[in-house]
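Undergrad: Mind having a look at this structure? Questions to follow.
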Amino acid sequence: MLARRNGLPGEKIPKGILTRFEKLTVGRLLSQIETAATPELTGLGLLLLQLSQQTAKFLSNGIDQIARQAKSDGKNHDISIAIDGNRSGITVHCNELPESIARERLTVHCKVRKYDTKANAWYGVLLDPTTRNIRGALVIEKDWEPDTQMDAVMKIWPKKSPVTASQSALTLQKPARNDLCPCGSGKKHKKCCLNKPA
């Protein structure tokens, strides 16, 4: 700490909680969050720091996958993970849509995910597919309660449950060719990430 503050010899950032994800995409996001220091991003940063190494790897791989897909086909791609026993979660959208449209879609998606999992907080992140930099972020914090309007939305919303943190650890095991792809696409691994360059 003194090395960073006072320019003394030594590691600028000692190994520990802030460096354990440094080689992962989640680590890059944490660096951007630290630089920006907005309220939405601060809460997101604290959430990301709570992730286990396995969950951080899973989320990083998922973000890398959706970024490749969005860059390749120009469409929106997303990944959602429920965290902390479904009490909170995160949705990452990756697209090049105009800011207002992208933010509106992310907001709706986060509201649905939060309601569907009965979470009290849900974070949303909007990434640029080329740079993988954060374009925007949001947080929805409110104790979960039943809502008839959301119940109606849930009836027509396509069912694709967010992966839980514990499930994400299981999917880090090497999937077989005919297993569902761990990126959450719903396709077999051999027809999805197995054939794509890293």
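Undergrad: Can you tell me which of (1) at pLDDT 95 or above; (2) not in a helix (DSSP H, G or I) is the one ALA82 doesn't meet?
TA: (1)
Undergrad: Using the structure shown, decide if PHE58 is assigned to a helix (DSSP H, G or I) and aromatic (Phe, Trp, Tyr).
TA: The answer is yes for PHE58.
Undergrad: Mind telling me which of the residues LEU46, LEU97, LEU29 ends up being among the hydrophobic types (A, V, I, L, M, F, W, C) and in contact (Cβ under 8 Å) with a residue 24 or more places away in the chain?
TA: Of the residues listed, the single one that is among the hydrophobic types (A, V, I, L, M, F, W, C) and in contact (Cβ under 8 Å) with a residue 24 or more places away in the chain is LEU29.
Undergrad: List every residue pair whose Cβ atoms sit under 7 Å apart, with the two residues 6 or more apart in sequence or on different chains, where the first one lies in segment 58-76 and is closer than 18 Å to PRO98 by Cβ and the second, anywhere, is among the charged types (D, E, K, R) and in a helix (DSSP H, G or I).
TA: Pairs that qualify, where the first residue is closer than 18 Å to PRO98 by Cβ and the partner is among the charged types (D, E, K, R) and in a helix (DSSP H, G or I), are ASN76/ARG105.
Undergrad: Check off (1) surrounded by fewer than 24 Cβ atoms within 10 Å (Cβ to Cβ); (2) modelled with pLDDT of 95 or more for LEU106 and give me the number that stays unchecked.
TA: The number of the failed condition is (1).
Undergrad: Go through segment 92-113 and report how many residues are more than 21 Å from MET154 (Cβ to Cβ) and not in a strand (DSSP E or B).
TA: Looking only at that region, the number is 9.
Undergrad: Going by the structure shown, is LYS114 over 30 Å from PRO146 (Cβ atoms), more than 12 Å from the chain's Cα centre (by Cα) and not aliphatic (A, V, I, L, M)?
TA: no
Undergrad: In segment 41-64, which residue that is among the small types (Gly, Ala, Ser) and crowded, with 19+ Cβ neighbours inside 10 Å is nearest to LEU24 (Cα to Cα)?
TA: Only one residue fits best here, namely SER60.
Undergrad: Which residue, of GLN69, GLN32, is part of a helix (DSSP H, G or I), out of contact with any helix residue (DSSP H, G or I) (no Cβ under 6 Å at 6 or more places or on another chain), under 13 Å from ALA137 (Cα atoms) and modelled with pLDDT of 90 or more?
TA: That would be GLN32, the only listed residue that is part of a helix (DSSP H, G or I), out of contact with any helix residue (DSSP H, G or I) (no Cβ under 6 Å at 6 or more places or on another chain), under 13 Å from ALA137 (Cα atoms) and modelled with pLDDT of 90 or more.
Undergrad: Among GLY89, GLY45, which is the only one that is over 24 Å from ALA152 (Cα atoms) and out of contact with any His (no Cβ under 6 Å at 6 or more places or on another chain)?
TA: Of the residues listed, the single one that is over 24 Å from ALA152 (Cα atoms) and out of contact with any His (no Cβ under 6 Å at 6 or more places or on another chain) is GLY45.
Undergrad: All but one of (1) in contact with a Leu (Cβ under 8 Å, 6 or more places away or on another chain); (2) free of Cβ contacts under 8 Å to residues at least 40 places away in the same chain; (3) part of a loop (DSSP other than H, G, I, E, B) hold for LEU51; state the number of the condition that does not hold.
TA: Here LEU51 clears every test but (2).
Undergrad: Among the residues of segment 116-138, is any buried (at least 18 other Cβ atoms within 10 Å of the Cβ), part of a loop (DSSP other than H, G, I, E, B), small (Gly, Ala, Ser) and at pLDDT 90 or above?
TA: Yes: one or more hits.
The values are calculated or read from the model by the stated rules, or taken from the named source; none is laboratory data. No experiment lies behind these values; they were computed from the predicted model shown. Glycine also receives a Cβ, built like all others from the backbone with ideal geometry; neighbour counts cover every protein chain displayed.
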